[in-house]
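The next block holds one structure in the form of structure tokens; read it before the comments.
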Amino acid sequence: MNKQKGRISLWLGFILVSALFIVAIFGPMIAPYDKDFQVKAEYVEINGSQVIVSPPLPPSEKYLIGTDKWGHDMLTILLYGARYTLFVTIACALLRVVLGVIIGLKIGMADRPQRWWTSLESAWGHVPVFLPVYFLLYRININSPLSSFDLAMIFIIVVSVLGTPSVVSSIRQKTEEVRKAHFVTAAISIGASKNHILLRHILPQIKEQVMMLFVIEITAVMALMGQLGIFNLFIGGTIEQFDQFDSSIFLTKTYEWAGLIGQSRSFLQTKQWIFFAPLTAFMLAVLGFTLIANAMKKRYEEVYNRAPYV
């Protein structure tokens, strides 16, 4: 029964993630309108009377999931923003894992315990990554003269570096654990080099955990993007405008999904489609990677419990 549930979880997650990749790659090609398309207010004759119709417009045959306050077709901007949502997330997670594996293996294979690093891990583990990311990027991101690509690259570097210690901790602990195994001790006793032990003994034992960490880090980065979006820090740049009452309005430059959620949260009570369209898309993306991570975790635990270190 557990194996069946694991397969269902894996396949459902795979379907959702595959759909996300398709949308991210081909989204602009299949979008019903151009990225800069906006609906303008116009007079429409209804029951013999001229009535002005202006955005936001509710879902209809012409606009399948409606338009936002500024007249953008919601489906179009979701399709255009998918690539930033997906590829920035994957880039952050991949860089975290690559750095984490390199540093974690080096520290885990050290001849002496690196107590300075374990102290740093313990201290950094209590710091929410959201706080340093937010305060480092806030002034850079809002009304920035930099391009969306440059801002996305800065975000990737900052988030990756600040999130690496948690990955290092996992890899270090697993490396130290495998290093105590009898087959590694035997290899050391016959004079095997550290590089040989890493390549032939350590890496084969932790490769599944590395893959699982990669998927978990994707969900962690998406959660961070959602938190930043609520506080008006959008990936690729935030545009700050002011209404007639001098109140700030924050808009996303790239239409990435967390940014769309953040800029539309004021529509939670009215015109709900503006808020729930990006929220649903974002949650399905997170759900897809979460299902894959859970399936991989169950599979890893089954194999490990059946034959550890084999």
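The values are calculated or read from the model by the stated rules, or taken from the named source; none is laboratory data. As the structure is a computational prediction, the values presented were derived from the model and not from experiment. Cβ placement follows ideal geometry from the backbone for every residue including glycine, while neighbour counts extend to all protein chains displayed. For the accessible areas, the whole protein counts, side chains as well, though only heavy atoms, and no ligand, DNA or RNA atoms are used. Shrake-Rupley method; radii C 1.70, N 1.55, O 1.52, S 1.80 Å.
Annotations
- Some residue of region 135-157 being among the hydroxyl-bearing types (Ser, Thr, Tyr), without any contact (Cβ under 8 Å) to a residue 40 or more places away in the chain and either open to solvent by 70 Å² or more (accessible area, probe 1.4 Å) or touching a strand residue (DSSP E or B) at 6+ places or on another chain (Cβ under 7 Å) (or both): no
- Within region 97-121, tally of residues that are open to solvent by 70 Å² or more (accessible area, probe 1.4 Å) and either at pLDDT below 90 or under 30 Å from Ile249 (Cα atoms) (or both): 8
- Scanning region 63-98 for residues that are within 17 Å of Arg265 (Cα to Cα) and among the β-branched types (Val, Ile, Thr) yields Ile65, Thr67, Ile77.
- Summed over region 207-243, residues that are surrounded by 15 or more Cβ atoms within 10 Å (Cβ to Cβ) and without any contact (Cβ under 8 Å) to a residue 40 or more places away in the chain total 1.
- Of all residues in region 177-205, those satisfying the criterion of being in contact (Cβ under 8 Å) with a residue 60 or more places away in the chain and either among the polar types (S, T, N, Q) or open to solvent by less than 50 Å² (accessible area, probe 1.4 Å) (or both) are Val178, Ala181, Ile197, Leu198, Ile202, Gln205.
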